[in-house]
Amino acid sequence: MRIDHHPILKTFEKGKLVKFLYDGKVMEGYEGEPIAVALRANGVMIHRYTSKHNDPRGVFCAIGRCTDCVMVVDGEPNIRTCITPLQEDMKIETQYGISNNKEDESI
Amino acid sequence: MKRYELIIIGAGPAGLSAAIEAASNGMQVIVFDENERPGGQLFKQIHKFFGSKEHKAKERGFRIGEKLLKEAEDLGVEVQLKAAVMGIFDDKEISVMLDGRVEHYRANNIVIATGASEKMLPFPGWTLPGVIGAGAAQTMMNLHGLKPGARVLMVGSGNVGLVVGYQLLQAGCKLEAVIDAAPRVGGYGVHAAKLARTGVPFYMSHTIKEADGDSCVKGAAILAVDSSWQPIPGSEKYLEVDTICMAVGLSPMSQLARTAHCEMENNPLKGGLVSICNKYGETSTPGVYAVGDVAGIEEASSAMIQGKIAGAAISFDKGYISEAEFTTRYEEYQNSLMQLREGMFGHKDKDSADTEHTEEGYTLSQSLLSKGYMEAEEIGEYPGIYPAEYRSKGVFPVIECSQNIPCNPCQDACKRGCIKVSGKITNLPSVDTSVECTACGMCVVSCPGQAIFLVDETLAPGYASVAIPYEFYPLPEPGSKGLALDRSGTSLGEAEVLKVQSSKAMDETAVLTMKVPVEWSMQARFFQVY
Amino acid sequence: MQKKEVIIVGGGVIGCAIAYYLARLNVKALVIESEEIGHGGSSRNGGGVRQSARDPRELPLAMHAIRYIWPDLSDELGVDVEYCQEGNLRLAKTEEHIKILERVIAQGISLGLDLRLIDQQEVREICPYVSDEVIAASYCPTDGHGNPMVTTLAYYKRAREMGAEFITGEMVQSILIRKGKVGGIKTNLGTYESDQVILAAGYESRAIANTVGIDIPMQRTLVEALVTDQQPYMFPQMIGTAASDFYGHQTKHGSFVFGGMTGMEPYGSEVDNPITRSITAPSICRAILGYFPAIGQANIVRTWSGWLDVCADHVPILSKVDELPGLTLACAFSGHGYGIAPAVGQSIAELVINGNPTLSLDAFRYDRFQPKS
Amino acid sequence: MTMKMERKLIQGDFIPRADDELIVCRCEEITQGEIRKAVYDGMFTMNEVKRYLRAGMGLCQGQTCSRLVQNIIARELGLAPGEVEISTSRSPARPIQMKQMAKDGVKK
């Protein structure tokens, strides 16, 4: 999904290639790019499942406004992944309702 | 609490221009922006801008952004990024979220330049991953170098939809279609034509019925609507796409203006809820200004001028420039703004616009409006089309510009004066048959609408050359072969690349000259690599 | 225009509740609200439905409401008002705080309320999320909370269905007198006739009453509230503190709603449109995190503010005006009107219709205020 | 000041529509049908609908749905969308954690 060579922009400045954990799996992305970009480059579309209907959601606005792309990042839920920079060894988890626990019935 | 003379919220074209104007008059200015990069939408805009030289026409948005930033920096403007303004409180105090802390600043004046947010269209399945805003696509492609999807449906044929559609092609995505519930293309015809000639179909009077897929988008069902927007039974089509991109308009991001208790009005001509401003951009809250898209949806070029006007008004109010100086500048800026608001896409009631004729009385291409491209037979009458009787002289320009858009770089591009935009900036360019064209190609690369082509019907017996603007990667090699496509993207047959010119002055728009049978000279408008 | 049986000025929780209970008595009132339904204090409060720490005069209203009305209110109105009766904890961090609580508890007990002081361990058992700094609390198990915005709209919806009329966006300016009695009201857009006018317009009631020479000793004070995003369920109790630095609860939705004051409120802006001040939300947050450090990661999504109609003796005025037959006051709730709104609505409806409410309103007379000496 | 509205009952039973299932408020998962029913129940303004249903009260504070909700209310009441006043806007413009907010104003 990455654009290797762009006719107008040529190449994109990226941070160093780092590893991160997505639902326990090791993935690679560039440090400093939005988490959502790193995930999409790895083929991840679903960021969370909603509280009420358990529906899948992903990136929608990509600029931190709509809050649809939130995930559990390093243990904290509701983190807007489209504007949160990726860091080495970050632990990124699918959010179910408001937690990382699929079976969570606290809500 | 830190106090500044001027706080600007939003480092987009309007905010930066206000900052530059005020700082150049000696004011101490800070600009806050929630994004990681300044420039607002400019850094996502990789196409060349319309307008005239003073509006920075034919420059690409991101380069304008770079220039504005440099200018602001040189003037000592502080630009604080990753700084989300949380609210505007009494006494022109703002709170800002910075590095996980909240900071407070006070100012003598505040300029709100927060831009716009995308309108969204709900349809069954619109919450599925893979349904995104056009802005999201731009952000992913042009800031982060990521394709939003492999096969994309664009919903909306306004300038945003058309421009982002083209950017999707440039990023290497496949644009399956552009659809719009309206019967006519909403954006500039030239933007539509750029897409159509690569083969992108336009489905006007079509709406999206639903996004198909369980966990993410795997297709889209579209269907035709009649003149009263009612679905036409049996008209359903299914498009296999993984991404549905919505470009159904923008609305002003007025939340902060409302926290500042600015008096608001709902103004459909301005795209929604905007603060009521005087001619300098000052809201009902004294000392608080609103400029750019937040004050009414327009183009970036208008936003920049509005920023300058507010910057000048504040500088005058706080004693940095004289009244005479202010009056002079205001008039200059106002004139420039009025120019941009001219034309059929201008800042006026669209319902009253004539959809049949240009302001000069030329017939508008209905095919362009309904299919995204002009039919060959519609081309003849426009003043930019070289009359047939002069075509045997050698190379001649063909300007397929048929709508009143405020834009004139083509005129400046031709050093020999072959191209003229006489009178109003929105007038259609005309060609002067008495001037010999040297085939320098600068008009081709200067036209932000990529609507200028160079044709030589004397290339060789039975053959013509057609030079087209080309902005895709990789650039074809001279001698290579491919397909010549007509305006609708239909293949005419094989074409050979004669040469590919590209230089710094052309700013990444290459001029690709292809050899085609002479009977295609007025049809072949795109080259598709085999 | 047809004469109205009763006109209620103010479409907040009090006005809407009165309209509903009048409708139950087959009286179809006209409610006139200058803004929208629930615009005032009804959408700007912590949602406490409590008896503890009430003024002894108010307590019977609160006890009645909690015993007889709140438990079935959602069913009765056909809308979930999110009533949750899981107790009220008033938290203490210092010996000083405990002294404050002891006074409150003694008073409550003397009036028959189940209210007691509990130690740190018991506080933890009831609510495990309190910080180590909390050393004691008062606990009233029959207290609770509800959703004030929904409650107001539920009363409105049901009253409207039962025939009450509502007009919003029209501002009552004065009371009309006809032959020595109330004759109706005048608004910015016209006049409405009625023999019975009930003022339930919060602080704005004062200016309206002034037009017929009646004054209500109240001031307006700004309070602010904030709400977070949805959080895992942590505690169902209504929370307050002996230091009165914040109050609030976790809603049915999972979000936390908290309110509080900085102490600077009396010196705030003169603007009529209540504004949030930049110092308040941080101050409330500091207070909260001192008691509940575990909710620090909750995201605040919104802050808002509103005016309290604070009475000279911090107890509402629920009273007919003797010298002007037809005028009834139901205002000056001083920030604790929500929990007692059902009892107030019922009592005022009865007072207006037959002059003899089930619960005595004698303690809330408009002429109870006397000079010091 | 708010526009005058007489809160007359909408005549007849609430009539469901085929597209009532459509999610309008993405954060709180409120459907078009719920909003239409709220209008039928007497919620004639955006703030009322919001307080009644939580539409626009989620993490994004109505940034995506407020215009859509406005349109639905207007359509149900037979008004132009602009005649339905948009709901109030309040600080913070973006979500902020309580622990971050709490640090504000503390002497460093």
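To keep it simple, each residue is scored yes or no on (1) within 14 Å of another protein chain (Cβ to nearest Cβ); (2) modelled with pLDDT under 95; (3) surrounded by 17 or more Cβ atoms within 10 Å (Cβ to Cβ); (4) in a strand (DSSP E or B).
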{"position": "C:Val182", "(1), (2), (3), (4)": "no, no, yes, yes"}
{"position": "C:Ile185", "(1), (2), (3), (4)": "no, no, yes, yes"}
{"position": "C:Gly202", "(1), (2), (3), (4)": "no, no, yes, no"}
{"position": "C:Ser205", "(1), (2), (3), (4)": "no, no, yes, no"}
{"position": "C:His253", "(1), (2), (3), (4)": "yes, yes, yes, no"}
{"position": "C:Ser269", "(1), (2), (3), (4)": "yes, yes, no, no"}
{"position": "C:Ile288", "(1), (2), (3), (4)": "yes, no, yes, no"}
**Request:** Give the residues of segment A:1-60 that are farther than 16 Å from A:Asn78 by Cα, facing chain B (nearest Cβ under 8 Å) and touching an Asp or Glu at 6+ places or on another chain (Cβ under 6 Å), sorted by residue number.
**Result:** A:Pro7, A:Ile8
**Item:** segment A:76-107, residues that are in a loop (DSSP other than H, G, I, E, B), within 13 Å of chain D (Cβ to nearest Cβ) and more than 18 Å from B:Lys82 (Cβ to Cβ)
**Value:** A:Gly97, A:Ile98, A:Ile107
**Asked** Which pairs do you get when a residue that is of a type in the set (Lys, Arg), found in segment B:73-96, comes within reach of a residue that is part of a strand (DSSP E or B) and surrounded by fewer than 20 Cβ atoms within 10 Å (Cβ to Cβ), reach meaning Cβ atoms under 8 angstrom, with the pair 6+ apart or on two chains?
**Response** B:Lys82/B:Leu98; B:Lys92/B:Arg106; B:Lys92/B:Asn108
**Complete:** Of those in segment C:290-320 that are more than 7 Å from chain D (Cβ to nearest Cβ) and more than 30 Å from C:Glu58 (Cβ to Cβ), the residue most open to solvent (accessible area, probe 1.4 Å) is C:Pro293
**Asked** Do we find that C:Ile7 is open to solvent by less than 10 Å² (accessible area, probe 1.4 Å) and modelled with pLDDT of 95 or more in this structure?
**Response** yes
**Request:** Among what's in segment C:149-162 and is more than 9 Å from every other protein chain (Cβ to nearest Cβ) and open to solvent by 10 Å² or more (accessible area, probe 1.4 Å), pick the residue that is nearest to the chain's Cα centre (by Cα).
**Result:** C:Arg158
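Given the condition loosely packed, with under 15 Cβ neighbours inside 10 Å and out of contact with any helix residue (DSSP H, G or I) (no Cβ under 8 Å at 6 or more places or on another chain), answer yes or no: does some residue in segment B:198-215 qualify?
yes
For segment B:310-328: of the residues being touching a residue at least 40 places away in the same chain (Cβ under 8 Å) and in a helix (DSSP H, G or I), which is surrounded by the most Cβ atoms within 10 Å (Cβ to Cβ)? Even if it seems obvious, please write down each step before you answer.
Going through segment B:310-328, the residues touching a residue at least 40 places away in the same chain (Cβ under 8 Å) turn out to be B:310-312, B:314-315, B:317-318, B:320-321.
Among the residues that remain, those that are also in a helix (DSSP H, G or I) are: B:310-312, B:314-315, B:317.
Numbers: B:Ala310: 32, B:Gly311: 35, B:Ala312: 26, B:Ile314: 29, B:Ser315: 26, B:Asp317: 16.
Top of the filtered list is B:Gly311.
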**Prompt:** When segment B:17-38 is examined, which residues are found to be open to solvent by less than 20 Å² (accessible area, probe 1.4 Å), in contact with a Pro (Cβ under 9 Å, 6 or more places away or on another chain) and farther than 18 Å from B:Asp293 by Cβ?
**Reply:** none
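Is it the case that some residue within segment B:445-455 is out of contact with any helix residue (DSSP H, G or I) (no Cβ under 8 Å at 6 or more places or on another chain) and open to solvent by less than 50 Å² (accessible area, probe 1.4 Å)? Spell out how you get there, then give the answer.
Here is the first cut: in segment B:445-455, the residues out of contact with any helix residue (DSSP H, G or I) (no Cβ under 8 Å at 6 or more places or on another chain) are none.
No: segment B:445-455 contains no residue that is out of contact with any helix residue (DSSP H, G or I) (no Cβ under 8 Å at 6 or more places or on another chain) and open to solvent by less than 50 Å² (accessible area, probe 1.4 Å).
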**Asked** Among the residues of segment B:118-146, how many are more than 7 Å from chain A (Cβ to nearest Cβ) and at positive phi?
**Response** 1
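For B:Gly346, are the conditions met, namely being more than 24 Å from B:Ala57 (Cβ to Cβ), of a type outside the set (Val, Ile, Thr) and assigned to a loop (DSSP other than H, G, I, E, B)?
Values: more than 24 Å from B:Ala57 (Cβ to Cβ): no; of a type outside the set (Val, Ile, Thr): yes; assigned to a loop (DSSP other than H, G, I, E, B): yes.
When the stated conditions are applied, B:Gly346 does not pass them.
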**Message:** Is it the case, given these coordinates, that C:Ser278 is assigned to a loop (DSSP other than H, G, I, E, B), surrounded by 20 or more Cβ atoms within 10 Å (Cβ to Cβ) and free of Cβ contacts under 8 Å to residues at least 12 places away in the same chain?
**Reply:** yes
**Message:** Checking the structure you have, find out if any residue of segment C:129-141 is in contact with a Cys (Cβ under 7 Å, 6 or more places away or on another chain), of a type outside the set (A, V, I, L, M, F, W, C), over 19 Å from C:Pro56 (Cβ atoms) and within 14 Å of another protein chain (Cβ to nearest Cβ).
**Reply:** no
**Fill in**
Picked from segment B:51-105 (must be assigned to a strand (DSSP E or B) and open to solvent by 70 Å² or more (accessible area, probe 1.4 Å)), the residue modelled with the lowest pLDDT is B:Arg101
**Request:** Quick one: in segment C:255-267, of everything that is of a type in the set (A, V, I, L, M) and part of a loop (DSSP other than H, G, I, E, B), which residue is nearest to the other protein chains (Cβ to nearest Cβ)?
**Result:** C:Met264
**Request:** For segment B:445-501, name all the residues that are aromatic (Phe, Trp, Tyr) and either modelled with pLDDT under 95 or in a loop (DSSP other than H, G, I, E, B) (or both).
**Result:** B:Phe472, B:Tyr473
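Just need a number here: residues in segment B:234-258 that are of a type outside the set (A, V, I, L, M, F, W, C) and away from chain D (no Cβ under 14 Å). If you could, list the steps in order and put the result at the bottom.
As a first pass, look at segment B:234-258 and keep what is of a type outside the set (A, V, I, L, M, F, W, C): B:234-238, B:240, B:242-243, B:249, B:251-252, B:254-255, B:258.
Subsequent filtering for residues that are away from chain D (no Cβ under 14 Å) retains B:234-238, B:240, B:242-243.
Qualifying residue count, segment B:234-258: 8.
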**Message:** Need pairs with beta-carbon distance below 7 Å; first residue over 19 Å from B:Trp126 (Cα atoms) and within segment B:149-166, second basic (Lys, Arg); sequence gap 6+ or separate chains.
**Reply:** B:Tyr166/B:Lys194
**Item:** Selection from segment B:502-521 of residues that are buried (at least 22 other Cβ atoms within 10 Å of the Cβ) and either in a loop (DSSP other than H, G, I, E, B) or among the polar types (S, T, N, Q) (or both)
**Value:** B:Thr509, B:Thr513
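Quick check on segment C:330-373: of everything there that is among the β-branched types (Val, Ile, Thr) and in a loop (DSSP other than H, G, I, E, B), which residue is surrounded by the fewest Cβ atoms within 10 Å (Cβ to Cβ)? Even if it seems obvious, please write down each step before you answer.
Pass one, segment C:330-373, residues among the β-branched types (Val, Ile, Thr): C:340, C:344, C:348, C:352-353, C:358.
Pick out the ones that are also in a loop (DSSP other than H, G, I, E, B) and you get C:340, C:358.
Details: C:Ile340: 31, C:Thr358: 11.
It comes out as C:Thr358.
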**Selection within segment B:147-166 - within 12 Å of chain A (Cβ to nearest Cβ) and either in contact with an Asp or Glu (Cβ under 8 Å, 6 or more places away or on another chain) or surrounded by fewer than 24 Cβ atoms within 10 Å (Cβ to Cβ) (or both)** = B:Lys147, B:Gly149, B:Ala150, B:Tyr166
**Request:** Please find, within segment D:91-108, the residue that is modelled with the lowest pLDDT out of those that are among the aliphatic types (A, V, I, L, M) and either more than 21 Å from B:Met97 (Cβ to Cβ) or assigned to a loop (DSSP other than H, G, I, E, B) (or both).
**Result:** D:Val106
**Request:** Filter segment D:59-90 for residues that are within 9 Å of chain B (Cβ to nearest Cβ), in a loop (DSSP other than H, G, I, E, B) and open to solvent by 10 Å² or more (accessible area, probe 1.4 Å) and give the result.
**Result:** D:Gln61, D:Gln63, D:Thr64, D:Ala80, D:Glu85, D:Ile86, D:Thr88, D:Ser89, D:Arg90
**Request:** Would you be able to say whether some residue in segment A:30-42 is touching a Lys or Arg at 6+ places or on another chain (Cβ under 9 Å), farther than 23 Å from B:Ala171 by Cα and open to solvent by 40 Å² or more (accessible area, probe 1.4 Å)?
**Result:** no
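Any residue in segment C:43-50 that is assigned to a helix (DSSP H, G or I) and buried (at least 22 other Cβ atoms within 10 Å of the Cβ)?
Going through segment C:43-50, the residues assigned to a helix (DSSP H, G or I) turn out to be C:43.
Next, only the ones that are buried (at least 22 other Cβ atoms within 10 Å of the Cβ) stay: C:43.
Scanning segment C:43-50, I find at least one residue that is assigned to a helix (DSSP H, G or I) and buried (at least 22 other Cβ atoms within 10 Å of the Cβ), so the answer is yes.
The values are calculated or read from the model by the stated rules, or taken from the named source; none is laboratory data. Treat the numbers as computed from the prediction; the structure is a model and nothing was measured. Cβ sites come from the backbone with ideal geometry, for glycine too, and all protein chains shown count toward neighbours. Surface areas here come from the heavy atoms of the whole protein model, side chains and all, with no ligands, DNA or RNA. Shrake-Rupley method; radii C 1.70, N 1.55, O 1.52, S 1.80 Å.
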